[in-house]
1. Using R₀ = 35 Å, calculate the FRET efficiency as 1/(1 + (r/R₀)^6) where r is the Cβ-Cβ separation of LYS115 and MET1; round to 0.05.
2. Restricting to the chain, compute how many DSSP beta bridges are antiparallel as a %, nearest 5.
3. Of the candidates VAL189, VAL235, VAL68, which one comes out as most mobile in a Gaussian network treatment of the chain with C-alpha springs shorter than 10 Å?
4. Can you return the aspartates and glutamates within cross-link range of LYS319? Criterion is Cα-Cα under 19 Å, with same-chain partners fewer than 8 residues away left out.
5. Using +1 at the Cβ of each Lys and Arg and -1 at the Cβ of each Asp and Glu in the chain, identify which of MET104, PRO13, ALA316 lies farthest towards the dipole's positive end.
6. Could you work out the relative contact order of the chain, using alpha carbon pairs under 8 angstrom and six or more residues apart, expressed as a whole percent?
7. Which value, in Å² rounded to 10, gives the accessible area of TYR73 with a 1.4 Å probe and all protein chains present?
8. Once you sort the root eigenvalues of the Cα gyration tensor of segment 101-258 as a ≥ b ≥ c, which label holds: rounded (a/c under 1.5), prolate (a/b larger than b/c) or oblate (the other case)?
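The values are calculated or read from the model by the stated rules, or taken from the named source; none is laboratory data. No experiment lies behind these values; they were computed from the predicted model shown. Here the Cβ positions follow ideal geometry from the backbone for every residue, glycine too, while neighbour counts run over all protein chains shown. Side chains included, ligands, DNA and RNA excluded: accessible areas come from the protein's heavy atoms. Shrake-Rupley method; radii C 1.70, N 1.55, O 1.52, S 1.80 Å.
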Amino acid sequence: MKIAVLPGDGIGPEIINQAVKVLKAINLEDCVEYAPIGGAGFDEFNDPLPKSTLDLAISADAILLGAVGDWKYDKLPRDMRPERGLLRIRKSLNLFANLRPAIMFSELIHASTLKSEFVSDLDIMIIRELTGDIYFGEPRGISKNKKNEREGLNTMRYSEPEIIRIAHVAFKTALKRSKKLCSVDKANVLEATELWREVVIQIGKEYPEVELSHMYVDNAAMQLVKNPKQFDVIVTGNIFGDILSDQASMLTGSIGMLPSASLDAKNKGMYEPSHGSAPDIAGQDKANPLATILSLAMMFKYTFNDQNKFNLIENAVKKTLNDGFRTEDIFSKGTNLVGCEEMGNKVIERLEV
Ligand code: NAD
């Protein structure tokens, strides 16, 4: 087993340290190999995705990533910016299926800004297509138009095979859960998503047990806060999934709690928290490491097919919350405020190895 560990920028190294401590506690530290990505890659190799990092990621069985990005890189040419490293690694490894569970831990019910009755027992799986759409579509860029005005251009594009493969992942996931799948698009105005809807319906015929519904993205955003429990599995494109999954994270209290898995066709995966590098709190020992630790748990479930280790880690996180330990983002009166490092230690103390 070889796990490529890419801490990245901002709070990345702090939260990754906690997940690596978990790997040490279960005697898997020898599987870990580190490499820089994002701003860290640029600083060391003048490239947000250095070749050595990509080579390591290709040769590894799974990848654990912290986060990339920092305001100090905002002036770099677009191709050199940290976020470009992330997009490139997703594309190079063909990690097209991004699984983002939004689960309400009962201990955190009061951290949600929504009333408890709307979010108690919430368990949604958002499946976001990750290597297509407007984030990758060509042509793109900023140039002068015929009137000599500056113009920004991006292209929303989806090919039929791209939609087919993500649809299969979504239907298969729905089969393992409550057999309900909602496909989110904007088929009324965007042709790229008109095709999306057509193809999802077509693939749905191969999964007659799954109840398929469709929703426009604006309505989905509204329904997610109005009545989130109506959803079980949501499948959507890259940009809509990016936004809706951040929104869903807040239903559960904090973006610091939300793990994610990005998988290729053979379930090789990159595992990372859904949040960014949080430069505002970087280096202050304030970050919540639980999304990263839960991402590590997902690695065992989806890439290594090891449900026991998934349960082991998830249970340790639940116990930590149950025992009242909270980082600042999920803190409420009557609980114990701890830093990132201490939160990691509390989880490790509760691992029943
Ligand atoms: P962000 O997710 O980094 O932060 C948004 C807010 O959530 C901030 O207030 C931050 O302090 C808080 N937050 C995020 N993670 C937290 C955690 N684990 N614990 C406690 N609080 C947490 O998003 P942003 O501010 O829009 O972006 C900051 C940088 O991150 C940018 O450079 C952006 O491009 C990058 N980014 C990277 C990724 C990624 O690496 N996958 C994703 C999104 C944004």
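1. 0.20
2. Here the antiparallel bridges make up roughly 40 percent for the chain.
3. Result: VAL189 has the largest fluctuation of those listed.
4. Reachable aspartates and glutamates: GLU107, ASP121, ASP123, GLU328, ASP329, GLU341, GLU342, GLU349, GLU352.
5. Result: MET104.
6. Numbers: 764 pairs, mean separation 74.0, N = 353.
Here the relative contact order equals 21 percent.
7. Its heavy atoms expose roughly 20 Å² to the probe.
8. Details: a/c = 2.48, a/b = 1.38, b/c = 1.80.
Since a/c reaches 1.5 but b/c is at least a/b, the shape of segment 101-258 is classed as oblate.
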